[in-house]
Amino acid sequence: MKAFAALLVLLICNNWQQLHGARILCLIATPEHNNPSWTQPFFEALAERGHLLTVVSTLADPSIPGITHIPVSNDYDVIKKHYVNEMGYYNNYWDIKQVLIWYEALLGTCQSAAEIDLVKMLEKVKHKYDLIIYDATYSMECLLSKFPKFRKVPVLALSGGKLTTDLMHLVQAENTINPATIPHFISHLPREMSHWQRIQNHVMYLTESFIRWAVVKPVLNGIHKHEYASPEVQLVLLNTHPVLDHVQNIPPNVIEVGGLHIRAESEPLSFSTQEFLERSSEGIIYINLPHIDLMYGVGLRAIENMVREYRQFGFLWNVNNVKDPTLSKSFHNLRTINVRDNMQQNILAQSNIKAFLTHGDNFGLQDAIYNAVPVIVLPLLMDQFNVRMQLKN
């Protein structure tokens, strides 16, 4: 009898959190190539605390207790469409064209969400939810419009980028972004702008407002067959870092949480990778340049010359998106690796990583800041140029 009572107490204690846990609907329609997994550590932390999550996303099923995964597809690749020319090389654009491409990425995601089979989706998303969480990096969420019955549910937005005018509109806050002092997040402008550069910056912000009114809003209305209405967002968690952003006034319902995508503890690497890291006496240079193939062949030759010149260092190269990573066969100090999900965090957490060569995406730079790894940035598109200027300053 005593053993039965003790077992009953243990079962009650074990399920106590789940009895008081919230039921949360998570909507992540981010394209597969655009790192939708950055929200995963946050969802896992919620599940560990006893909350029940239904995650509708483009992620692979993580098979984690407390998380029910519903897969959706979004293969809209704005990079291949605009930044790769007929010869397979990089297309460079002026700033205003890059703003147009930014909004096209948003509209492409919305179009993918509109093509989801609504009947099947409603069959799977059938519970009553206490909270909705969605990825607001592009500010607007078209997947939520598929579930009008959840409009009264509180909404928490997660943004993987900077504070933008779109996010200000989303939280219905006064726009405190001053074009005279804060460069547009897609511009090449420095923090200390000249008179002419301030005029350029004002033009960027005015053009952004015009695109939103003349292009984005009509297209969204056409996709949804009715007037598009943004969700009423109660709180935004902004995954940014003071080093990568500007000093500015932030609304009270927007909270900076730098490193939101970073797990508290790193995981061990594979035996062969760990052995390569340890045998490099002078340390390791980690390379993650997924668009290096677009650099007219110069990028691959530059890596070859760098590896040959600095033989005292080891080079660990993420070749996830590289077409012809054959250099590793020619150099003993170069190892190629396919980096998935949080593996980059585990690599940068190694004590002998001496530098990180990157395009300058927000997540990778925060990984480097968290692990105190120096960075070398080669920006190619959208907000990477603005990040470069911040690091330079």
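The figures follow:
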item: Exceeding the 22 Å Cα-Cα cut-off - candidates LYS162/LYS225; LYS81/LYS225; LYS162/LYS392; LYS146/LYS225; LYS146/LYS217; result: LYS162/LYS225; LYS81/LYS225
item: For LYS392, net neighbour charge (Lys/Arg +1, Asp/Glu -1) across residues whose Cβ lies under 14 Å away; result: +1
item: Burial order of peptide ranges 155-165, 344-354 (average beta-carbon count within 10 Å, highest first); result: 155-165, 344-354
item: Charge sum, other residues only, whose C-beta stays under 11 Å from VAL216's C-beta, Lys/Arg counted +1 and Asp/Glu -1; result: -1
item: Packing-based ranking, highest mean first, of 362-375, 302-315 given that Cβ atoms within 10 Å are counted; result: 362-375, 302-315
item: Efficiency of FRET between SER281 and ASN249 - r from beta-carbon atoms, R0 51 angstrom, step 0.05; result: 0.55
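The numbers here are math on the coordinates, done by the rules we state, and not lab data. Model, not experiment: these values are computed from the prediction. All Cβ positions, glycine included, derive from the backbone under ideal geometry; neighbour counts span all protein chains shown.
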